[in-house]
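To keep things clear, I will list the structure first and then write my remarks on it.
Each value in this text was obtained by applying a stated rule to the coordinates, not by laboratory testing. Values in this document were obtained by computation on a predicted structure and should not be read as measured data. Counting neighbours? That spans all protein chains shown, and the Cβs are built from the backbone with ideal geometry, glycine included.
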Amino acid sequence: MTALAFVDTETTHLDPRFGDVWEVAVIRREHGVETEYLWQVRPDLATADPEALKIGRYEERFAVPDGWDAVGLPHEHPPWRLTMPEFLYDLQTALRGAVMVGSNPAFDAAHLTKLLQDHGRRIPWHYRVLDIATLAAGYMKGRGLAEWHPGELLTPPYSSRDLSRAVGVEPPGDDGHQALVDARWARDVYDAVTGDRQAVERAA
């Protein structure tokens with residue numbers, strides 16, 4: 001069975017030509033086991049968009065010490081130091097062969113593609129990504145639920161937040177625009193639509 005990777009990134013610019021990834025979360029689900037990954041990586045701020053940094057609260061949350069390339073951010077443990085090759089290896093491993101699922105995952109895929117290609121690495125994930133807003137809109141139309149909601153809800157471009165609420169998942173609030181929070185949100189919307197709310201083992 002193909003693995004799923006619920007993914008979110010925080011970046012220094014909306015356009016990958018000018019921006020870099022600085023935070024990445026992946027929740028890999030495979031064979032009934034979920035493993036969460038969260039990293040921060042030092043970006044090049046030369047062409048950063050101040051508004052993009054503000055949205056992700058870069059100044060407040062960036063946790064990579066001076067002289068370090070990247071950090072892993074495990075739960076309830078101090079960050080651990082990673083060299084760039086170590087970080088890229090771990091990222092490729094977490095995404096290998098998986099279908100990427102997210103809120104506008106094409107955005108994340110574009111920035112991650114730039115990151116990997118800039119360092120001569122291959123793209124490890126499945127070429128077809130899955131957007132939770134499109135998934136939720138199709139679910140509502142297929143189930144005949146459209147008549148109970150405003151017409152604009154199911155008119156492109158879709159609002160992932162509105163569709164999330166429509167399928168019973170409250171989107172992130174003030175804690176949004178944190179990679180792991182948003183990756184968990186994507187997972188919850190996917191599960192609400194597909195019915196995959198069965199127990200999933202959390203890897204240690």
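Structural remarks
- Choice from G144, G32, G176 with maximal GNM fluctuation in the chain (Cα, 10 Å cutoff): G144
- Relative contact order, whole percent, for the chain stands at 25, derived from Cα pairs under 8 Å and 6 or more residues apart.
- Hydrodynamic radius (Kirkwood) for the chain, which is based on Cα pairs only, to one decimal in Å: 17.6
- Rounded to the nearest 5, the antiparallel percentage of DSSP beta bridges internal to the chain is 75%.
- Applying 1/(1 + (r/R0)^6) with R0 = 30 Å to the Cβ-Cβ distance of S159 and A46 gives a FRET efficiency near 0.35.
- Global geometry of the stretch 52-103, whether rounded, prolate or oblate, following the gyration tensor of its Cα atoms and the 1.5 cut on a/c: oblate
- Dipole magnitude of the chain about its Cα centre (Cβ charges: Lys, Arg +1; Asp, Glu -1), debye to nearest 20: 660
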